[in-house]
1. Please report, in debye to the nearest 20, how large the charge dipole of the chain is about its Cα centre when each Lys and Arg carries +1 at its beta carbon and each Asp and Glu carries -1 there.
2. Using a cut-off of 12 Å between alpha-carbon atoms, which aspartates and glutamates can reach LYS30, once sequence neighbours fewer than 8 places away in the same chain are excluded?
3. In whole Hz, what ³J(HN,Hα) sequence does region 43-52 give by Karplus (6.51, -1.76, 1.60; θ = phi - 60°), x for Gly and Pro?
4. Cut-off 18 Å, label point 7 angstrom out along Cα-to-Cβ of TYR28: give me the residues of region 210-244 whose amide nitrogen falls inside.
5. What share of Cα pairs, in percent, lie more than 25 angstrom apart in region 19-238?
6. Helix-only mean residue ellipticity at 222 nm, the chain, DSSP H runs n ≥ 4 weighted -39,500 (n - 2.57), per residue, nearest 500. What is it?
7. Test of understanding: extend the Cα→C-beta vector of ASP218 to 7 Å, then name every residue of region 31-48 with backbone N under 18 Å from that spot.
8. Per residue of region 108-114, in order, report the coupling 6.51 cos²θ - 1.76 cosθ + 1.60 (Karplus, θ = phi - 60°) as ³J(HN,Hα) in whole Hz, putting x for Gly and Pro.
Amino acid sequence: MITTMRVYQIIGAGMEGNTLLHQKQYSYDKLDLGIRLIQNKLLNQRAVLSSIRNKTEHDKILIKSIDEHIHKLSEGIDSLSFLLGLEGSVARMYFSRLFDVPEWKGRKPRIKSDYINSTLDIGYTIMSQIIEALLRVYGFDVYVGVLHRSFYMRKSLVCDILEPCRPLIDKCVRKAIHLGQCKIEDFEVQNGQYRLAWKNSPAYISFIINSIMPYKNDLFIYIRDYYRAFMRGKRAEEFPLFCI
């Protein structure tokens, strides 16, 4: 059973010898592409919140606040710490509204503190494996990013490209909760961590994959156009956007 979509091997004409691409990756040392990726992420977070029915006045204020943060990004930022702080500020507002159930205490990556965080981690992992496969088609060194800095054995570029795609998983998990496809009873608690019971894995993989597949062509085109823009040295504002 396929449960992670992990890339083991590329079959066909691999591009790992794309040395010109690697040279460009290794010499890139600016922040403009990182800003572009976070701006894209915020636009998609805004789209997810805008899709919520029966929005309250608080929801409208929240969407307006995200618009203001997007505007700040368009004005330019010269500090990675400031960029990450701005992204984190929006994330706290966004997640506080997205999952309005008693069990939700906020986004806490990888520690599986509740069943929603655990499901988000599963979804992000599947999406990241798909992104990695597409990046490897073009020969990218997936360990060298433009936003996430290089760190031992971390696939920083995959983490980068995942950012604007995360809201797609967020929307999927929110929908699954409301449809009863994702619920606390499907998980086992081990050492304080919520882990999906193995027997429930197929159902969760199914609803996550089904939410991604309508965007498979968009993902391919997005990464293809990202590659072309990167190779041609285009300005950040000319790089593609992944829209949901």
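FYI, it's all coordinate maths here, none of it is from the lab. Bear in mind that the values here come from a model prediction, so they are computed numbers and not experimental data. When we count neighbours, we look across all protein chains shown, and the Cβ atoms used for this are built from the backbone with ideal geometry, even at glycine.
1. 200
2. Hits, sequence-local ones excluded: ASP78.
3. 4, 6, 4, 4, 4, 5, 5, 5, 7, 6
4. Only 219-243 fall inside the zone, counting backbone N under 18 Å.
5. Counting pairs separated by more than 25 Å, the tail of P(r) holds 43 percent.
6. Dividing the helical sum by the residues of the chain leaves -18500 deg cm²/dmol.
7. Taking a point 7 Å out along Cα→Cβ of ASP218, the residues of region 31-48 whose backbone N falls under 18 Å are 37-48.
8. Along region 108-114, the couplings run 9, x, 6, 8, 6, 6, 7 Hz.
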